[in-house]
Amino acid sequence: MSKYRTWREYLINRLASQPERAGGYLQAAFEEYQIHRDPAVFLLALHTVVESQGGITELSKKIEMSQQSISEILNSKELPRIEILTAILNALGCHIMIQPIAPCEHMYENITIDSVNSNIEFAAKN
């Protein structure tokens, strides 16, 4: 019989034993948020990492915020303000990094001057 009842229990244990993976896990969850705009995905991942690193009690000591406030943030339907998110991430050994968006060259592979001109002519007729 398995010692874990849920995937989340397994993940918390795995992140607790390998805390260096927390950053990658949170990065993947944030990228998912950026695509689908569902903060619940990122907040669940953040809550999972918090649990793997001692829970809300430990986090509240590190960032000097009440346990109730942290719990409300993690159970919210919205992402926290940037300064609060930064404090939480720093306490978890992570930080926010901004990168330029890579150009999507493949989007322009099939575009030719002739195809642009025919689209313009089609739009002008309609």
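The values are calculated or read from the model by the stated rules, or taken from the named source; none is laboratory data. Please read these numbers as outputs of a predicted model, since none were measured by experiment. Cβ coordinates were reconstructed from backbone atoms using ideal geometry, including for glycine residues, and neighbour counts include every protein chain displayed. Surface areas here come from the heavy atoms of the whole protein model, side chains and all, with no ligands, DNA or RNA. Shrake-Rupley method; radii C 1.70, N 1.55, O 1.52, S 1.80 Å.
What to note about this one:
- Residues (among the hydrophobic types (A, V, I, L, M, F, W, C) and under 19 Å from F30 (Cα atoms)) located in segment 62-87: I70, I73, L74, L79, I82, I84, L85, A87
- In segment 1-55, residue nearest to A91 (Cα to Cα) [restricted to those that are of a type in the set (S, T, N, Q) and within 16 Å of the chain's Cα centre (by Cα)]: T48
- Residues in segment 43-61 that are crowded, with 19+ Cβ neighbours inside 10 Å, closer than 17 Å to A28 by Cβ and among the hydrophobic types (A, V, I, L, M, F, W, C): L43, A45, L46, V49, V50.
- Some residue of segment 63-84 being assigned to a loop (DSSP other than H, G, I, E, B), surrounded by fewer than 12 Cβ atoms within 10 Å (Cβ to Cβ) and of a type in the set (S, T, N, Q): yes
- Residue among A29, A22, A91 that is among the hydrophobic types (A, V, I, L, M, F, W, C), open to solvent by less than 50 Å² (accessible area, probe 1.4 Å) and over 23 Å from W7 (Cα atoms): A91
- For segment 94-126, taking the residues that are under 30 Å from E51 (Cα atoms) and open to solvent by less than 100 Å² (accessible area, probe 1.4 Å), the one that is modelled with the highest pLDDT is identified as C94.
- Scanning segment 44-89 for residues that are of a type in the set (D, E) and without any contact (Cβ under 8 Å) to a residue 12 or more places away in the chain yields E58, E64, E72, E83.
- Taking segment 1-19 as the range and being outside any helix (DSSP H, G or I) and open to solvent by less than 100 Å² (accessible area, probe 1.4 Å) as the test, the residues that pass are S2, Y4, T6, Q18.
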